[in-house]
Amino acid sequence: MSLSFSHAHSEGSGTTEVVAVLIAITDSRARVLTVDGGKLLPNGPLMPLHRSLQAGVRQWVEEQTKQPLGYIEQLYTFVDTNRRNKDGHALVYVSYMGLVQEAMIQEAMVEEGVLGEGQSNNPDSESSVAPFSSKSSARWRDWYDYFPWENRLLTETNSAQITEKLKQWAEAATSKSERLKRLQRIYLCWGGDWEQDSDFEQVVASGDSHSSSAKEMYTKWVAEHALLRYEMLYEAGLLPESPDYNSSKLPKNWHQVIGEPMYYDHRRVIATAISRLRAKIEYRPLIFGLMPEEFTLLQLQQSVEALSGVPLHKQNFRRLLESQNLVEPTGNSSQTGRGRPAKLYRFRFDIGLQSLLMDSKLPKSNNR
């Protein structure tokens, strides 16, 4: 069956599906597990044999990807009005986020005989093969393949092209008040230096007397607004998943600017997980569920940066780790270059248990 990005299909009599966003960090890259050539997340219908939603999501993930699940939590419940069952009812799907380590999936593939010893599921690796089988086509993908504008670690981004198109969308509003609201949303979600923007002062003046606070809010990039940015692009018809999308009105390189599309609303589900995880790593040490048993402080910092998409200040990061007493040295070291070996650390699990009831925070971004 050929699918389009806003495909309306009728399949079965069920009305509920479960969808999983599995996240891993490999070589300091934030990754998500996909199926169907990277166009879908692991998913499947909730059936009577499933005792719970979690049981359903675990079954479909393990069946489609062979990936064992550890920590998972429920995200949001979506109604996909573009999809109908055979009785004409819209499909509801319940999304979950899971934190895993990519090594687990490679081990499972070796056990299943899909990968040989020494082969890798990393598409950048010289020894990589087609992951799993043609039946499941499970594959890890860098999440910035789908959300390139969220990666603020790059010296150059395409945000200017995106905000230019969003400004045109704001100008197309049917009323002055709607135009103003759209501009406010653009400035709040996308941040940046708006001083040369002719509309900026008007938007600031439209608020209350706290203009300095408004300017700070409008110019600040907030990493956890990933879902808000995605939904704005969808509403403006700038994503292939949007019913208002018209590629003929966009630059030829727009697909590079906007990232890879996915079927149904699955890219929106990933955006939800990104926002949730970016917000939670500031007050709960969930990052350690993605780290190997031993790691260097540089690896830990690079992993946090991979998730947040923004650079961290090295000294501030390490001072905060020390003050929160989250890690402890293992006595081992790692030699990765010509310099002196780097000390290896591990997460203090006693602190991890306590931090579930405390606001142990990881460092915030070094905003530019």
Problem set entry | Count of the stretch 63-75 residues which are surrounded by fewer than 18 Cβ atoms within 10 Å (Cβ to Cβ) and under 11 Å from ALA20 (Cα atoms) | 2
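Which ones in the stretch 254-269 are assigned to a loop (DSSP other than H, G, I, E, B) and closer than 14 Å to TRP149 by Cα?
The answer is GLY259, GLU260, PRO261.
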Problem set entry | Conditions (1) surrounded by fewer than 19 Cβ atoms within 10 Å (Cβ to Cβ); (2) touching a Leu at 6+ places or on another chain (Cβ under 9 Å); (3) outside the structural domain of GLY309 (by TED's automatic domain parsing); (4) not small (Gly, Ala, Ser): number failed by LYS249 | (2)
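Looking at LEU239, is it modelled with pLDDT of 85 or more, on the phi < 0 side of the Ramachandran plot, not in a helix (DSSP H, G or I) and not acidic (Asp, Glu)?
yes
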Problem set entry | In the stretch 149-163, residue nearest to the chain's Cα centre (by Cα) [restricted to those that are closer than 15 Å to ALA223 by Cα and in a helix (DSSP H, G or I)] | GLU150
For this session: Please give the number of the condition TRP194 fails out of (1) within 26 Å of the chain's Cα centre (by Cα); (2) crowded, with 18+ Cβ neighbours inside 10 Å; (3) at pLDDT below 90.
Result: (1)
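The values are calculated or read from the model by the stated rules, or taken from the named source; none is laboratory data. Nothing here was measured: the structure is a model prediction, and the numbers come from that model. Cβ atoms come from the backbone with ideal geometry, glycine included; neighbour counts cover every protein chain shown.
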